[in-house]
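Written out below as structure tokens is the structure these notes cover.
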Amino acid sequence: MQAVRDIEVPVVPASREAVADYGLYIGTEVPQAGLGIPFYKGAVEEGHNFAFKCNGRCVIRSARIHRRQPEITWLERHMNMTQLFVGLGDQPFAMVLGKPTHQRGMDTPDLDDVRCFVLPPGSGVMIHEGTWHDFPLAVEGPVTVLTANSEEVVEALASMREPAEMAHGDVFKLDIRKRLGAQLRAVLF
């Protein structure tokens, strides 16, 4: 039996610079500001459309997230979508993210690139295509997260009878311990 490597994922405050290789940080600044809509000049700073992409119909939904153990079992990626997660309310949330590896010909995450980003209340991230990720984590109290997904991804995930690796729809989900012999931990509290 092969020994399992225990890896504590670095916890990093989210910022535009820190998240850039994983996705677009969305905070109080308006990324890509300067859209010329003339109706509320001086009162509204308009931003250009985000480069959100998905196969088929886009769906917006929310999820209420509660604290859980620090072990990260699953990482997944989507090759046809830039998924969006935005925290609502007054609680921070965290995202465990790994840089996309498909450009390097890899079909697993590079665990050296995995980070746990803590996002302040009211902020979010739109992850790049192929970014490895787990579902958001509550940092302190429960947090509601708004997500933008493809209908294809939501249906694929909801079709699972039990947690298991999967490769259907636009979901490629891996059990990190089983696939890479490692136990990831994101210690937030």
Given (1) surrounded by 11 or more Cβ atoms within 10 Å (Cβ to Cβ); (2) of a type outside the set (Gly, Ala, Ser); (3) closer than 23 Å to VAL143 by Cβ; (4) at pLDDT 95 or above, index of the condition PRO31 fails = (4)
Tabulated pairs, region 61-75, first within 19 Å of ALA182 (Cβ to Cβ), second open to solvent by less than 90 Å² (accessible area, probe 1.4 Å) and hydrophobic (A, V, I, L, M, F, W, C), C-beta under 6 angstrom, 6+ apart or interchain = PRO70/ALA186; PRO70/VAL187; ILE72/VAL96; ILE72/LEU184; ILE72/ALA186; LEU75/TRP132; LEU75/LEU174; LEU75/ILE176
Within the set of pairs 6+ apart or on separate chains, which have a first residue in region 41-52 that is on the phi < 0 side of the Ramachandran plot and free of Cβ contacts under 8 Å to residues at least 60 places away in the same chain, a second that is loosely packed, with under 11 Cβ neighbours inside 10 Å and part of a loop (DSSP other than H, G, I, E, B), and C-beta atoms under 6 Å apart?
-> GLU46/ILE37
From the list LEU88, LEU84, LEU97, pick out the single residue that is under 20 Å from VAL139 (Cβ atoms), open to solvent by 40 Å² or more (accessible area, probe 1.4 Å) and modelled with pLDDT of 95 or more.
-> LEU88
Can you work out which of the residues in region 40-61 that are out of contact with any Phe, Trp or Tyr (no Cβ under 8 Å at 6 or more places or on another chain), surrounded by 11 or more Cβ atoms within 10 Å (Cβ to Cβ) and assigned to a strand (DSSP E or B) is modelled with the lowest pLDDT?
-> GLY47
Is it true that some residue in region 127-143 is buried (at least 16 other Cβ atoms within 10 Å of the Cβ), of a type in the set (A, V, I, L, M) and in a loop (DSSP other than H, G, I, E, B)?
-> yes
Which ranges mark the strands (runs of 3 or more DSSP E) fully within region 150-189 that have 1 or more residues being farther than 23 Å from VAL114 by Cβ and open to solvent by less than 20 Å² (accessible area, probe 1.4 Å)?
-> none
Please specify each residue of region 100-112 satisfying the condition of being open to solvent by 30 Å² or more (accessible area, probe 1.4 Å) and either touching a strand residue (DSSP E or B) at 6+ places or on another chain (Cβ under 7 Å) or at positive phi (or both).
-> GLY105, ASP110
Are there any pairs with C-beta distances below 7 angstrom linking a residue in region 89-111 that is in a loop (DSSP other than H, G, I, E, B) to a residue that is aromatic (Phe, Trp, Tyr), with the two at least 6 apart or on different chains, and if so which?
-> LYS99/TYR22; PRO109/TRP132
All-but-one check, PRO70 against (1) open to solvent by 90 Å² or more (accessible area, probe 1.4 Å); (2) under 19 Å from PRO142 (Cβ atoms), failing number (1)
The lone exception for LEU35 - which of (1) closer than 24 Å to ALA18 by Cα; (2) assigned to a loop (DSSP other than H, G, I, E, B) it fails = (1)
Could you tell me whether region 147-154 includes any residue that is within 25 Å of VAL9 (Cα to Cα), modelled with pLDDT of 95 or more and of a type outside the set (Asp, Glu)?
-> yes
Counting only residues in region 1-25 that are touching a helix residue (DSSP H, G or I) at 6+ places or on another chain (Cβ under 9 Å) and open to solvent by less than 100 Å² (accessible area, probe 1.4 Å), the one nearest to VAL96 (Cα to Cα) is identified as VAL9
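The values are calculated or read from the model by the stated rules, or taken from the named source; none is laboratory data. All figures in this text were calculated on a predicted structure; none of them were measured in a lab. Backbone-built Cβ (ideal geometry, glycine too); neighbour counts: all protein chains shown. Accessible surface is based on the protein model in full, side chains and every heavy atom, while ligands, DNA and RNA are left aside. Shrake-Rupley method; radii C 1.70, N 1.55, O 1.52, S 1.80 Å.
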